[in-house]
1. For segment 270-287, which positions are loosely packed, with under 12 Cβ neighbours inside 10 Å and of a type in the set (A, V, I, L, M, F, W, C)?
2. Which residues, counting only those in segment 149-184, are open to solvent by less than 60 Å² (accessible area, probe 1.4 Å) and under 28 Å from Tyr238 (Cβ atoms)?
3. Out of Ile80, Ile76, Ile103, which single residue is farther than 27 Å from Val170 by Cα, surrounded by 13 or more Cβ atoms within 10 Å (Cβ to Cβ) and among the β-branched types (Val, Ile, Thr)?
4. Taking segment 43-67 on its own, how many of its residues are surrounded by 14 or more Cβ atoms within 10 Å (Cβ to Cβ) and either outside any loop (DSSP other than H, G, I, E, B) or of a type in the set (A, V, I, L, M) (or both)?
5. Residues that are surrounded by 17 or more Cβ atoms within 10 Å (Cβ to Cβ) and in contact (Cβ under 8 Å) with a residue 24 or more places away in the chain, at least 3 per element: which strands (runs of 3 or more DSSP E) completely within segment 208-267 meet that?
Amino acid sequence: MYGKYLLEKKARKRQTRIQREKEAEALGEEAAVKKQTPRTLDNTRESEVTTVQPDDKEILADEAEDEFAPYFSDEIRPKILLTTRPCPSAELFHFIADLMRFIPQMYYYPRKSYSVKEICAFGSNRRFTHLVVLSEKSKVCNGMLISHLRPSTAANGLGGPTAFFKVSNVIPSSDVPNNGAATSHVPELVLNGFTTRLGHRAGRFLGSLFPHNAQFQGRQVATFHNQRDFIFVRHHRYVFEEGKDVSKETGKKKTKARLQELGPRFTMKMRWLQEGTFDTHFGEYEWFHKRKEMDTTRRKFHM
């Protein structure tokens with residue numbers, strides 16, 4: 001029975017191919033214009049009711065008054081406290097060093113025996129704006145907790161929000177092919193692919209980790225690219241080189257631009273977003289990823 005189904009499927013594909021070839025012959029030179037686009041998970045994704053339009057005045061008004069607005073308007077510069085789970089491995093410190101070169105104004109403090117709530121209070125008292133806590137498995141970072149500590153009117157005078165991201169595919173700077181050395185310049189920030197309300201919230205949260213006074217002479221770029229709810233993190237530098245082609249107008253060799261990756265390279269996926277600072281007992285969740293209930297199809301994405 002299954003063999004018969006496969007034969008019928010093969011015959012249908014052959015008929016479709018023959019039909020396409022006949023159409024291409026009839027169209028002639030216009031055949032290339034009518035080329036079919038392949039079906040992918042991205043261009044066949046299910047429509048999300050919370051998708052944000054670029055000219056949505058309500059969203060723009062909300063974002064102008066949220067917790068992260070002072071960072072994007074450069075009224076406040078972030079100051080980040082970085083720590084780990086208790087008893088981190090020596091390998092995790094290579095990733096910590098990469099993060100401190102990647103994100104400006106990040107300071108590492110040993111975890112010791114303090115709880116996350118105690119560290120939140122410590123950071124808030126010392127004017128830190130964010131807390132980042134790294135977890136690991138098999139000596140590789142596998143999780144990142146980010147908590148916004150600075151009180152704001154958007155959060156009723158309290159801190160928050162707090163988000164947990166699963167971290168995977170970690171490649172340290174030393175293992176990136178043809179990597180360069182990062183400088184102390186503040187990088188430009190690129191947030192790409194965050195299309196829904198939740199995506200905007202997560203993207204602005206990650207964007208608040210960086211100062212928004214980019215030093216363009218450093219030619220460095222920090223990229224957070226969201227695709228299928230996976231956030232790909234990259235760190236690059238623009239490199240301008242003299243090319244081989246000569247300009248007819250000036251008679252000089254043309255300048256070529258390329259990207260040099262600095263590292264680190266890793267992927268993030270948000271698991272939950274909580275109001276206020278970290279609180280596992282009484283904290284209210286803005287969003288929690290429930291796989292069985294929310295991931296009903298492969299074409300359903302939330303960010």
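1. Matches in segment 270-287: Phe282 only.
2. Pass one, segment 149-184, residues open to solvent by less than 60 Å² (accessible area, probe 1.4 Å): 149, 152, 154-155, 157, 159-165, 167-168, 170-173, 176, 180, 182-183.
The answer is Phe165, Val167, Ser168, Val170, Ile171, Pro172, Ser173, Val176, Gly180, Ala182, Thr183.
3. Details: Ile80 fails: farther than 27 Å from Val170 by Cα; Ile103 fails: farther than 27 Å from Val170 by Cα.
Of the residues listed, the single one that is farther than 27 Å from Val170 by Cα, surrounded by 13 or more Cβ atoms within 10 Å (Cβ to Cβ) and among the β-branched types (Val, Ile, Thr) is Ile76.
4. Going through segment 43-67 one residue at a time, the tally reaches 4.
5. Numbers: elements: 220-227, 230-246, 253-261.
It comes to 220-227, 230-246.
Rundown of residues vs (1) within 30 Å of Arg45 (Cα to Cα); (2) among the β-branched types (Val, Ile, Thr), yes/no style:
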site	(1), (2)
Gly180	no, no
Ser184	no, no
Leu189	yes, no
Thr195	yes, yes
Leu198	yes, no
Arg201	yes, no
Phe205	yes, no
Pro211	no, no
Gln215	no, no
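The values are calculated or read from the model by the stated rules, or taken from the named source; none is laboratory data. Since this is a predicted model, take the numbers as computed values, not measurements. Cβ: placed from backbone, ideal geometry, glycine included. Neighbour counts: every protein chain shown. These area figures cover heavy atoms from the full protein model, side chains too; ligands, DNA and RNA do not enter into them. Shrake-Rupley method; radii C 1.70, N 1.55, O 1.52, S 1.80 Å.
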